[in-house]
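Since the structure comes first, as structure tokens, the remarks are kept for the end.
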Amino acid sequence: MTPYLSKSLLNNYRQCPRRLWLELRDRRAVREGGAPLVQAQYSADTLKRFAEGHVVGRIAQAMWPDGLNVEEASMQASGGQRRDLGRARALTQQAVARKQPLFEATFEHDGLLVQADVMVPVRGGWQMLEVKSSTSPKAYHHADLATQAWVAQQSGVPLKRVGLLLVKKGFELQQPGDYTGFLQLHDDTELRATVDEHLQAMPATLKAARKMALQDKEPVKHQPGAQCTDPFECPYIGHCSGADQAPPSDGVPIRFYKDTGQAKAQKVLNAGHTDLRRVPEELIAQLWHGKSDAHIVNRRLAQAVRSGQPVLDAQGVRQALARYTWPVQHLDFETINLTAPVWPGTRSGQQIPFQYSVHVQAQNGRVLAHREFLDTTGHDPRRALAEKLVKDLSPSSTILAWNASFERGVIRELATQFADLAEPLMRLHAQIEDLLPVVRQHYAHPAMAQAQASMYSIKTVLPLLVPGMGYAQLNGVQNGGDAQASYLRVAAPKAVRQAQGYSDAERETEIGHMRRYCQLDTEGMTAIVARLLRNP
């Protein structure tokens, strides 16, 4: 049986043929009442991107108030329970005849089904527009547009122009709900030429995708690589890499810190080495002979892996910590960045802080106090946060953050926004120091070479320096993406929460998870500092 494909499935094929095969097999298993071959998992960041794409699409539709949303109309025809694609195609044909602007216009040709974001009648035919929640065109945007255009053309629609509606970089909301100028048209000569190339390749692409879909065995020749996250994270990474089914290898992979393009790792592999523990010390010294941070870190990492023991420069740590003004204050922000801003005075993509945690720690390692802020009202949280921040932090002692450039940036933005708080905020800004390089420059653990996260992420370092303490033990919120997703749920209007069946009890539980996650970021820093103070 020839499988039906959609634009998203064809895009999955373009990203990786194996991804298409896995997704189709999973869909078949679910239809037949069985367990999917692989349980696809999307990260909180990916789910947020899906949600923001929907919001941006709604803003685009508002540009043509007389337009027909074909998907919604077809759902209404089926009682609002599910999409009726046959009805959607019929409604599209009728609206095309009336020359009415269309959203989610539905076309099918040769087993390929597409829904065009926007179709606008123009002289002699139609203009097709793809709506994207990014500020600049990407390569996959052109393929998206070509897929939609090819099916529409094969369905008899006279397309005169195609283009992209992209978010205006730096767009600032002036009035609630006023998105005038938020989206900008991109239909330049380069775009049209690239789309034409994809149009010419469409028959061959579709034929190859269908052949892959009909293959009986999983195409394991397509191994994990750069395509796993380009242009988007593939939900099957764990399956294809064996992370969700195979035990870890006895060997230690060849992996270095800040190895651009894995160039030095490849040199080691080319020399016949596959286990970092067994790479000669002379080769490591030859590759990482410089005095820069990356060279020193990698020599120490190789030493830790070779010995199987952590390496800690006790004297260097003592000197670094002695520079601080005690008691130190550990600070961590949680922020939300929205493609379509919702509060006047905020910009597209701007990091808006809604939560922070502060732990105060004495030089003997003892924790003296914990302070926090979390706004779940759904209103602009910045003013209330800034006012409490200048009360909770002292400008007379060191403020520590992990990867402090982020916290510095948040405070600078607040100081720019609130002139009356600028002076006290910038006094706090002047006290910020970064704990991350202190650890990176003086500590290495053999497990870092096999860490799932970044080698010197606090999520990697904390359980290594402080066994038994880590993020895996948290419920609900375990990373920044989870925190953003939780914020969008708990800060949503009550009517929205009720419509989604999200109870007050569930909301309170999720708020507790958010508090615990942010608190662990700063509590974890106190534990790391306490451990370093006790060195070795």
Once all protein chains are kept in place, Thr416 shows an accessible area at probe 1.4 Å, nearest 10 Å², of 120 Å²
Using the Cα gyration tensor of segment 419-472, the equivalent ellipsoid's semi-axes, largest first and to the nearest Å, work out to 32, 13, 9
Normalised Cα Rg of segment 148-208, dividing by 2.2 N^0.38 Å with N its residue count, works out at 1.54
Evaluated at 4 °C and 1.567 mPa s, the Stokes-Einstein D of segment 1-149 based on the Kirkwood radius over Cα pairs, in µm²/s, stands at 76 µm²/s
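Considering only protein heavy atoms, what per residue accessible area in square angstrom results for segment 360-472 with a 1.4 angstrom probe?
Values: 4860 Å² over 113 residues.
Value returned for segment 360-472: 43 Å² of accessible area per residue.
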Here D for segment 189-284, in µm²/s, from Stokes-Einstein with a Kirkwood Rh over Cα pairs at 37 °C and 0.692 mPa s, works out to 188 µm²/s
Expressed in angstrom, Rg and Dmax over the Cα atoms of segment 308-456 are 17.3, 54
Cα pairs beyond 30 Å in the chain, in percent, come to 61 percent
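Rounded, prolate or oblate, given the Cα gyration tensor of segment 280-341, with a/c below 1.5 counting as rounded?
Oblate, since a/c reaches 1.5 and b/c is not below a/b.
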Restricting to Cα pairs under 8 Å and 6 or more apart, the percent relative contact order of segment 359-475 works out to 18 percent
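Could you work out what % of the accessible surface of segment 260-337 is carbon and sulfur, using a 1.4 angstrom probe and leaving DNA, RNA and ligands out of the count?
Carbon with sulfur: 47 percent of the solvent-accessible area.
Evaluate E = 1/(1 + (r/R0)^6) for Glu233 and Asn475, where r is the Cβ-Cβ distance and R0 equals 35 Å; express this FRET efficiency to the nearest 0.05.
Efficiency for this residue pair is about 0.90.
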If the label point sits 7 Å along Cα→Cβ of Arg123, residues of segment 147-171 with amide N under 17 Å come out as 159-162
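So if each residue of separation counts as 0.36 nm, and I subtract the Cα-Cα distance between Lys168 and His379, what length gain in nm does that give?
Computed gain between Lys168 and His379 is 73.6 nm.
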Counting only protein heavy atoms with a 1.4 Å probe and every protein chain in place, the carbon and sulfur fraction of the accessible surface of segment 183-227 in whole percent equals 52 percent
In Å, the C-alpha Rg and Dmax of segment 122-247 are 19.0, 62
With every protein chain kept in place and a 1.4 Å probe, the residues Asp482, Asp66, Asp521, Asp188 fall, from largest accessible area down, as Asp66, Asp188, Asp482, Asp521
Full extension between Arg515 and Arg347 adds, at 0.36 nm per residue less the Cα distance, a length in nm of 57.9 nm
Within segment 14-118, DSSP-loop trypsin sites (Lys or Arg not before Pro) with at most 11 other C-beta atoms within 10 Å are Arg82
For segment 263-373, Rg(Cα) over 2.2 N^0.38 Å is 1.67
SASA check, Met75, accessible area w/ 1.4 Å probe, all protein chains in place, rounded to nearest 10 Å², comes out at 60 Å²
In the chain the DSSP beta bridges are antiparallel at a rate, in percent to nearest 5, of 70 percent
The relative contact order of the chain, taking Cα pairs under 8 Å that sit 6 or more residues apart, comes to a percentage of 12 percent
Checked segment 413-536 against the a/c 1.5 cut and the a/b vs b/c comparison, axes a ≥ b ≥ c from its Cα gyration tensor; verdict oblate
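The values are calculated or read from the model by the stated rules, or taken from the named source; none is laboratory data. Everything quoted here is computed from the prediction, not taken from an experiment. Heads up, the Cβs are rebuilt from the backbone with ideal geometry, glycines too, and the neighbour counts pull from every protein chain shown. Keep in mind that these areas ignore ligands, DNA and RNA; they rest on the heavy atoms of the full protein, side chains included. Shrake-Rupley method; radii C 1.70, N 1.55, O 1.52, S 1.80 Å.
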